[in-house]
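Trainee: Pasting a structure below so you can have a look.
The values are calculated or read from the model by the stated rules, or taken from the named source; none is laboratory data. Quantities reported herein were computed from a predicted structural model and do not represent experimental measurements. Glycine gets a Cβ as well: all are built from the backbone with ideal geometry, and neighbour counts include every protein chain shown. Heavy atoms of the whole protein, side chains included, go into the accessibility calculation; ligands, DNA and RNA do not. Shrake-Rupley method; radii C 1.70, N 1.55, O 1.52, S 1.80 Å.
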Amino acid sequence: MSTQEKAAFVVLQARGGTENINVGVPSLCIPSLTLSDGPNGIANNVTGVTQLPAAIGIAASFDPAVARATGRVLGAEARTKGFDVAQGPELNLARVPQSGRIFETFGEDPYLTTVLGTANIRGIQATGVMANAKHFSGYTQETARFRLNQVVSLRALAELYDAPFAAAVKDAHVASVMCSYGSLNGTNDCSDPYIYSTLQSWGFTGFVRSDLTAVTNAAQAFRAGLSLIKPASAEMLDRLVRTGAIPVRDLNRAVSSVLTQMFAY
C-alpha cells in the first residue's frame, strides 16, 4: 500500500448511504470496512431490521442469555445488511441519572455491565461481525461532552469504569473499541496514551476508532495508538506523515490493526 492508500484507509467517512466506511484498496483485494451503529439495533436509516430492546431493559432481566441473544440478532442483521462492524455494546456506567444515553447502557453496576456486556459481544461476534465496545474510558454524561474533562482516579478507573472493557478484551476478545469524547484527567481521550497502554496490558489486538469529532489533534491520536479517525481527510493525514508529525510506523500500525481483524472476521 502507498502512503496515500494507507491514509485513506484509516479515515472513516459517510459515502453512498453508509455512515461509516473507509476506502479499500481494490488492487490488493482489500475491501472497504463498513460500520453501523448499534447497540439497540442496526441504525443509519437502514430498513428491514429489528428494533431491539434497550440495553437498560436487557439489564433489568439480569440474564446473560438475553444479552447474548440480542447480540446475535444485531450481528446477524448487520451481516445481512453488509456491515462488518456493529458499534456496540455501550459499556459505560450510568453514573449521571440525567445522561441522555442511559437507555444504551446496562446500568450503573460494573459487575452487571461486565457480565451482560461480554455476553452481548460474544453474541455479535459469533455471527462473524465485529463488535465495537464503546466509549472508552470514563465516559459518563452527554452534557458538554465535547469539552468535558472528567477527573477520575486510576483506582476508580480500574475498579469501576474500565472493568467492563477489561472483560470485553480478556473474556470476549472484542475486535474493536471506540474512544470517547472529551478529556480524561486533562488529556483528550482519543489521544491519551493511558487508553492504549491499558488496552495493550489486557492483551487487546484489535483496533480503536474515534467517536465522531472526538479527536482534537490527529497527530497526537495516531502517535498514541488510534487506528481509525472521523472526520479527517486522507490528504491531511498524508501531509502529517510526510512532515513527520505522524511517524510512518504509527500509520502502518493503524492499518495493520484494522487489517488483522478484517482477515480474522
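Trainee: At a probe size of 1.4 Å, how large is the accessible area of D250, to the nearest 10 Å²?
Mentor: Rounded to the nearest 10, the figure is 20 Å².
Trainee: Straight-line reach only, C-alpha to C-alpha below 21 angstrom: list the lysines that K170 could link to, leaving out same-chain residues fewer than 8 apart.
Mentor: Those lysines meeting the cut-off are K134.
Trainee: Here's a follow-up. Cα convex hull of region 1-159: how many Å³ per residue?
Mentor: Hull volume normalised by residue count: 143 Å³.
Trainee: Over region 165-265, what percent of the accessible surface lies on carbon and sulfur atoms, probe 1.4 Å?
Mentor: Carbon and sulfur atoms account for 52 percent of the accessible area of region 165-265.
Trainee: Something else about it: Looking only at Cβ-Cβ distances, which cysteines of the chain have no other cysteine closer than 4.7 Å?
Mentor: That list is C29.
Trainee: Also, quick follow-up: Could you report region 114-254's accessible area per residue, 1.4 Å probe, as an integer in Å²?
Mentor: In whole numbers, region 114-254 has 37 Å² accessible per residue.
Trainee: List the residues of region 195-232 whose backbone N lies under 15 Å from a point placed 7 Å from the Cα of T260 along the Cα-to-Cβ direction.
Mentor: 196-209, 225-228
Trainee: So how much slack lies between T213 and A245, counting 0.36 nm per residue of separation and subtracting their Cα-Cα distance, in nm?
Mentor: Gain on extension, T213 to A245, equals 9.6 nm.
Trainee: What are the ³J(HN,Hα) values, in whole Hz, obtained from phi via the Karplus relation 6.51 cos²θ - 1.76 cosθ + 1.60 with θ = phi - 60°, for each residue of region 205-221 in sequence order, with x given for Gly and Pro?
Mentor: So the Karplus estimates, Gly and Pro as x, are 10, x, 10, 10, 9, 8, 5, 4, 6, 6, 8, 9, 8, 4, 4, 4, 5 Hz.
Trainee: List the residues of region 239-265 whose backbone N lies under 19 Å from a point placed 7 Å from the Cα of Q13 along the Cα-to-Cβ direction.
Mentor: 239-242, 255, by backbone N distance to the label point.
Trainee: From the gyration tensor of the Cα coordinates in region 38-124, what semi-axes in whole Å does the equivalent ellipsoid have, largest first, with each one equal to sqrt(5λ)?
Mentor: Largest first, region 38-124 gives 21, 14, 10 Å.
Trainee: Between C29 and A69, take the C-beta separation as r, use R0 = 30 Å, and let me know the FRET efficiency to the nearest 0.05.
Mentor: Step by step, r from the Cβ atoms, then E = 0.30.
Trainee: Residues of region 119-155 with the amide nitrogen closer than 12 Å to a label point 7 Å from the Cα of S201, along Cα-to-Cβ, please.
Mentor: Residues 154-155 fall inside that zone.
Trainee: Next question. Which of (1) 15.8; (2) 12.8; (3) 14.4 is the computed mean projected area of the Cα convex hull in nm² for the structure on display?
Mentor: So the calculated entry is the one marked (2).
Trainee: Would you please calculate the Kirkwood hydrodynamic radius of region 211-265 over all C-alpha pairs and express it in Å, rounded to one decimal?
Mentor: 11.6
Trainee: Here is a further query. Roughly how far apart, in whole Å, are the Cα centres of region 210-261 and region 97-147?
Mentor: 24
Trainee: What is the Å³ per residue value for the convex hull set by the Cα atoms of region 1-72?
Mentor: Roughly 128 Å³ of hull volume per residue.
Trainee: Which lysines does K6 reach when only Cα atoms under 17 Å apart count, and residues fewer than 8 places away in its own chain are ignored?
Mentor: Correct list for K6: K230.
Trainee: Quick one, can you get me the convex hull of the C-alpha atoms of region 136-265 expressed as volume per residue in Å³?
Mentor: In region 136-265, the Cα hull volume divided by residue count equals 105 Å³.
Trainee: Under 5 Å between amide H atoms, partner at least 5 residues away or on a different chain: which partners does N188 have, H built in plane at 1.01 Å?
Mentor: none
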